[in-house]
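Colleague: Before I ask anything, here is the structure I am working with.
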There are 2 protein chains.
Amino acid sequence: MARKKIKSKDKHILALSTLVNHPSAILYEKEDLIAYDCDGFTIHKATPKAVVFPENTEQVAKIVKYCHDHSLPFLARGAGTGLSGGAIPLNGEVIISMVKMKKLLSVDLENRRAVVEPGFVNLKLTNTISDKGYYYAPDPSSQYCCTIGGNVAENAGGAHCLKYGVTTNHILGLEVVLPNGDVIEIGKNGIADEPGYDLLGLITGSEGTLGIVTKITVRILKNPESKQTVLAYFDKVEDGSQAVSDIISAGIVPAALEMMDKTAIEGVEAAAFPVGHPKDIEALLLIEVDGIEAGIGEQIEQILQVCRNQNVREVRAAKDEQERAAWWANRKTGFGAMGAISPDYLVQDGVIPRSKLPEVLSKINKISEESGLRIANIFHAGDGNLHPLVLFDARIPGETEKAMEAGSACLKVCADVGGTITGEHGVGIEKREEMRFVFKDEEIQAQTDIRDVFNPDNLLNAGKLFPTPGRCAEVKKEMKAAAIS
Amino acid sequence: MARKKIKSKDKHILALSTLVNHPSAILYEKEDLIAYDCDGFTIHKATPKAVVFPENTEQVAKIVKYCHDHSLPFLARGAGTGLSGGAIPLNGEVIISMVKMKKLLSVDLENRRAVVEPGFVNLKLTNTISDKGYYYAPDPSSQYCCTIGGNVAENAGGAHCLKYGVTTNHILGLEVVLPNGDVIEIGKNGIADEPGYDLLGLITGSEGTLGIVTKITVRILKNPESKQTVLAYFDKVEDGSQAVSDIISAGIVPAALEMMDKTAIEGVEAAAFPVGHPKDIEALLLIEVDGIEAGIGEQIEQILQVCRNQNVREVRAAKDEQERAAWWANRKTGFGAMGAISPDYLVQDGVIPRSKLPEVLSKINKISEESGLRIANIFHAGDGNLHPLVLFDARIPGETEKAMEAGSACLKVCADVGGTITGEHGVGIEKREEMRFVFKDEEIQAQTDIRDVFNPDNLLNAGKLFPTPGRCAEVKKEMKAAAIS
């Protein structure tokens, strides 16, 4: 097929268009770029210079090298479901979209690993291997559409990461295009504990600031022989929190231990997958255990007993796989469900020691009262990873600003009880300034020094992850201005 | 007590002596320094300038700052049980011994973590908390004397790391004195998945080249409700290897899955803890499962069946805790036991995909035949972490050299089948040149660039972990010269 001429006269766009397979693999017109002006963090928007769609590592390396040599800012983007703004082109970046690099390259059941391209959708991996008795453990709620490349960038978590660990615990190898266009391989042959420094861990969760991942070796697990799920309703949030502590203290490691509060329940019951949760309870726990068949019954009994000891109103195990699936669908669409009860919402992502759960939830309630904004809580209670969802209406002047302040205040509460500001959504642009809640200047410096080793010109995804030195107030103002514009 | 004057006239020794509690907390005389000229890797020796014994972080920071400001090479040392020479003062370093920093600072059962000083002995942690029902998982065979600080430096493994992961999977926080004397805290409050780059993973396993760890927050686990151990004897090593694969394929994740070959069995049966293993078998498997009581029996049955399907000569479960302990004592003293059948031994530490076990063992046999040196194999079969033990006699001219060549050849075999050169012992000085078996120049460069961020003057533990650019042949020659001197 003859190469169709592209309309732009921009020399960089012309040059970049020659590095991909076809002129249709680059977007540069304003109306096409709108879809790329934000990701799952919709409060801040910025327009990219162009969006290119490479199909292999070689093309990625050439695009990166071109950007590097011509001082063009650039960044990688997967499905764009990130919740902290990591893929927003703050500096008019060239976006390198990984959605065409979506192949499952190999599955090695004997050695329990698979190799995927970064644009491969998370849930597809489990769907592909489940009939052979295997699955991929990290399960962010967006797993039906988010990509494994994005999961690596953000070190994504999910409901079942309590028992099985977050993304970094399942990555065995990476092929990475460095910001100068060089290609390195880490964790060759899927052996994760390589000699030398742990570059695998360093790149995983680096939010797209150290390099662009073009190939990923993941660990796959054998399906548990059996799983069972319990649903428990509590009149008081303190009782639910205590049940969480007691389950863990009993030596049970549930596969998942999720909690929703009253406002969250109102949301999920008004949305696409209602299951009939009572609306007058203060807390709901969704608890799953898995493992060998013979041990499950005993653990379920223990869990039921712990809940009863904490004044549970109602507690029961799922009667069949269909009921279990319905409970999970209800939970997993929880964030989106907030749209059913509020025009807008801002999801936060703090981590606290489990023992501080009642204290922190009560302080978040206070923030809600003071701000006049409702805050729903849907979260991974077992590992203390909170998701306060601040409900607001962006059409009301000043309310976006107020929501951002309330969200930041929630993170301050988490940091102050010895926790931290993100468990699985990343810092992105959203929590840059909140990094100061948990890091001293020297500690941030040690990290930006490492970034400078990989990314000395800071052309790759600049302005993310770290606070701007001395610019805290100014940045906040800019973000607010953008938010209300 | 009056400060006793020290005898040295060296201005640095005088200055360093004022930075510790007492003049007895610094060694500088030749006869005192001999004990510090090597670690568990005894083939290479070098004399330190002095050995200082700080008692707290402040003293460590002052010593480091003094060394930094006066361009004195320095390194940290724990119990000195490391097997790759990481604590050998190649450049006449000031050794900062951590043995006086051996406090257990806190135990937080509710949040499952403990804080220790680096000189705290590994096994003491489990011993201290076991009556409350908890333990610390990483269990190197030297755990009765090695320190947790050293475990962090080397990212130590152990028999039970198959199910529970190596040291890096159990470290939640670190206090680190950087090579300029600055002190940073990583993983504050024991929250491992912090925002920003994974410095925790980067420092863990960095073999003492990025900083000196002065405080460690570790994860502690609840004791499994039950454990059971199986011992299996195989006439053919291929059958034993196949049983390893079959157990994992059956979906069982044993807590430990160890293998010994014929030569190894000869050694352990001649040493301190014989248990009566037959001497004419080619392979022995020691398999442990743990978890909730109800599930154990079923798994043991499956394991027995797998072994029977692979022509096992004899297989049985331990009849009581005493028998189980005897089997483990026999296994855990395996390296030292080689002393009973050989004047000297060199332990290697390769990793391979499990499926390559029979192929690799047969190639190691060939190396043994060709070198004329016996090679025993005691290893973590479940995770493919081999420990070929090359038996030799250093008194015979040229035999040390031959043993080192045979050891290196074993690692080459591991690298060539898609494995790597160390699973848990580290690179140290021993395997510096073998790093080239698994890393390209750019990949080594990316790592030394990171080292230079932390350790720009390379005063901290220089000459370890990475090959010397272009000096391969020369370094080998130096090591050989030292070995035979």
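Colleague: Determine the shape class of segment A:412-452: with a ≥ b ≥ c the square roots of the Cα gyration tensor eigenvalues, call it rounded for a/c under 1.5, and otherwise prolate if a/b is greater than b/c, oblate otherwise.
Modeller: Since a/c reaches 1.5 but b/c is at least a/b, the shape of segment A:412-452 is classed as oblate.
Colleague: Sticking with this one: What spacing in nm lies between the two simple spin-label points modelled at B:Glu301 and B:Lys30, each 7 Å away from Cα in the Cβ direction?
Modeller: Placing both labels 7 Å along Cα→Cβ, they lie 7.0 nm apart.
Colleague: Treating the angle as unsigned and between 0 and 90°, give the value, to the nearest 10°, between the Cα long axis of helix A:293-309 and the longest Cα principal axis of chain A.
Modeller: Orientation of helix A:293-309: about 70 degrees from the principal axis.
Colleague: If you don't mind, there's one more thing I want to ask. Which of the listed residues, A:Leu284, A:Ala271, A:Asn330, is farthest toward the dipole's positive end in segment A:224-341, when Lys, Arg count +1 and Asp, Glu count -1 at the beta-carbon?
Modeller: A:Ala271
Colleague: Could you pull the copy-to-copy label distances for B:Glu293, with points set 7 Å along Cα to Cβ, in nm to one decimal and sorted shortest first?
Modeller: Spacings between copies for this position, smallest first, are 2.2 nm.
Colleague: Given labels modelled 7 Å from the Cα in the Cβ direction, how far is it in nm from B:Lys412 to B:Thr468?
Modeller: 2.1 nm
Colleague: Oh, and also: In nm, one decimal, shortest first: how far is the label point of A:Lys279 (7 Å from Cα along Cα to beta carbon) from the matching points in the other copies?
Modeller: 8.1
Colleague: Taking 7 Å along the Cα-to-C-beta vector as the label spot, tell me the B:Val107-B:Glu442 distance in nanometres, rounded to one decimal.
Modeller: About 5.0 nm separates the two model spin labels.
Colleague: Place a point 7 Å from the Cα of A:Ala326 along the Cα-to-Cβ direction; which residues of segment A:229-260 have their backbone N under 14 Å from it?
Modeller: Residues A:231 fall inside that zone.
Colleague: In the protein assembly as shown, if the dipole is taken from +1 on Lys/Arg beta carbons and -1 on Asp/Glu beta carbons about the Cα centre, which of B:Val121, B:Asn155, A:Tyr66 is farthest to the positive end?
Modeller: The residue sitting farthest along the positive end of the dipole is A:Tyr66.
Colleague: Can you classify segment B:250-338 as rounded, prolate or oblate using the Cα gyration tensor, where a ≥ b ≥ c are the square roots of its eigenvalues, rounded means a/c under 1.5, and otherwise it's prolate if a/b beats b/c and oblate if not?
Modeller: It is prolate, given that a/c is not under 1.5 and a/b is the larger ratio.
Colleague: Here's another thing I want to ask about it. Counting helices only, and only those DSSP H runs with n ≥ 4, report the 222 nm mean residue ellipticity of the protein assembly as shown as the sum of -39,500 (n - 2.57) divided by its residues, in deg cm²/dmol to the nearest 500.
Modeller: Helix-only estimate at 222 nm: -10000 deg cm²/dmol.
Colleague: Follow-up question, since we're still on this one. I'd like the residues of segment B:292-317 whose 1.4 Å-probe accessible area shrinks by no less than 40 Å² going from the isolated chain to the full set of protein chains.
Modeller: Listed by number, the residues meeting the 40 Å² cut-off are B:Ile292, B:Ala294, B:Glu298.
Colleague: Right, something else. What is the local net charge at A:Thr333, summed over the other residues whose Cβ is closer than 15 Å to its Cβ (Lys, Arg +1; Asp, Glu -1)?
Modeller: -2
Colleague: Grab the beta carbon distance between A:Thr47 and B:Asp449, set R0 = 30 Å, and tell me the FRET efficiency rounded to 0.05.
Modeller: Once the sixth-power term is evaluated, E becomes 0.30.
Colleague: Still on this structure, I have one more. Averaged per residue, what accessible surface does segment B:11-97 expose to a 1.4 Å probe, in Å²?
Modeller: Normalised by residue count, the accessible surface of segment B:11-97 is 37 Å².
Colleague: Leaving out ligands, DNA and RNA, calculate the buried accessible area for the pair B and A with a 1.4 Å probe, summed over both sides, in Å² to the nearest 100.
Modeller: Adding both sides of the contact gives about 5100 Å².
Colleague: Ok, one more. Taking the Cβ of A:Tyr28 as the center, what net charge do the other residues with Cβ under 11 Å away carry, scoring Lys and Arg +1 and Asp and Glu -1?
Modeller: That works out to 0.
Colleague: Sort out for me the Cα centre separation of segment A:196-212 from segment A:313-349, rounded to whole Å.
Modeller: A separation of 33 Å, based on Cα centres.
Colleague: What is the dipole size for the protein assembly as shown, taken about its Cα centre, with +1 at each Lys and Arg Cβ and -1 at each Asp and Glu Cβ, in debye to the nearest 20?
Modeller: In debye, rounded to 20, the protein assembly as shown gives about 1420.
Colleague: Also, quick follow-up: Have a look at segment A:234-249 and report residues whose accessible surface goes down by 40 Å² or more when the remaining protein chains are included, against the chain on its own, probe 1.4 Å, ligands and DNA/RNA excluded.
Modeller: The answer is A:Ser249 - residues whose exposure falls by at least 40 Å² when every protein chain is included.
Colleague: On to the next question. Subtract the Cα-Cα distance of A:Lys9 and A:Asn309 from 0.36 nm times their separation in residues, and report this length gain in nm to one decimal.
Modeller: Working it through step by step, the gained length comes to 100.8 nm.
Colleague: Further question on the same structure: When a/c reaches 1.5 or more, the comparison of a/b and b/c decides; with that in mind, is segment A:1-113 rounded, prolate or oblate per its Cα gyration tensor?
Modeller: Since a/c reaches 1.5 but b/c is at least a/b, the shape of segment A:1-113 is classed as oblate.
Colleague: Heavy atoms only, probe 1.4 Å: what % of the accessible area of chain B goes to carbon and sulfur, would you let me know?
Modeller: Ligands and nucleic acids excluded, carbon and sulfur give 50 percent.
Colleague: Could you calculate the contour length gain from A:Asp69 to A:Lys132, that is, 0.36 nm times the residue separation minus the distance between their Cα atoms, to one decimal place in nm?
Modeller: 18.0 nm
Colleague: Now for a different question. Provide B:His160, A:His70 ordered by accessible surface of protein heavy atoms (probe 1.4 Å), highest first.
Modeller: Heavy-atom accessible area, descending, gives A:His70, B:His160.
Colleague: Sorted from shortest, what are the nm distances separating the label point of A:Ala329 from equivalent points in the other copies, each placed 7 Å from Cα along Cα to C-beta?
Modeller: 5.9
Colleague: Another question about this same structure. Hey, with R₀ at 51 Å, roughly what FRET efficiency would A:Glu58 and B:Glu58 work out to, going by the Cβ-Cβ distance, to 0.05?
Modeller: Given R0 = 51 Å and the Cβ-Cβ separation, E is 0.45.
Colleague: Run the numbers on segment B:199-215: which residues show a drop of 30 Å² or more in accessible area, chain on its own versus all protein chains together, using a 1.4 Å probe over heavy atoms?
Modeller: Buried on complex formation: B:Leu199, B:Leu202.
Colleague: Which residues make up the longest stretch of chain B clear of GluC sites (Glu not before Pro) that lie in a DSSP loop with no more than 14 other Cβ atoms within 10 Å, not counting the sites?
Modeller: B:111-485
Colleague: What's the angle, to the nearest 10 degrees (0 to 90), between helix A:441-454's Cα axis and the longest principal axis of chain A?
Modeller: Between helix and principal axis, roughly 50 degrees.
Colleague: What's the magnitude of the charge dipole for segment A:193-333 around its Cα centre, counting Lys and Arg as +1 and Asp and Glu as -1 at the beta-carbon? Answer in Debye, nearest 20.
Modeller: Roughly 300 debye, rounded to the nearest 20.
Colleague: Rolling a 1.4 angstrom probe over the protein heavy atoms, how many square angstrom per residue are accessible across segment B:224-341?
Modeller: Value for segment B:224-341: 38 Å² per residue.
Colleague: Ignoring the sites themselves, what is the longest stretch of chain B with no trypsin sites (Lys or Arg not before Pro) in a DSSP loop and at most 15 other beta-carbon atoms within 10 Å?
Modeller: Maximal segment without exposed cleavage sites: B:104-235.
The values are calculated or read from the model by the stated rules, or taken from the named source; none is laboratory data. Keep in mind that this is a model prediction, so the values were computed, not measured. Note that we place each Cβ from the backbone using ideal geometry, even for glycine, and neighbour counts take in every protein chain shown. The protein model used for the area step is the full one, side chains on, heavy atoms only, and it has no ligands, DNA or RNA in it. Shrake-Rupley method; radii C 1.70, N 1.55, O 1.52, S 1.80 Å.
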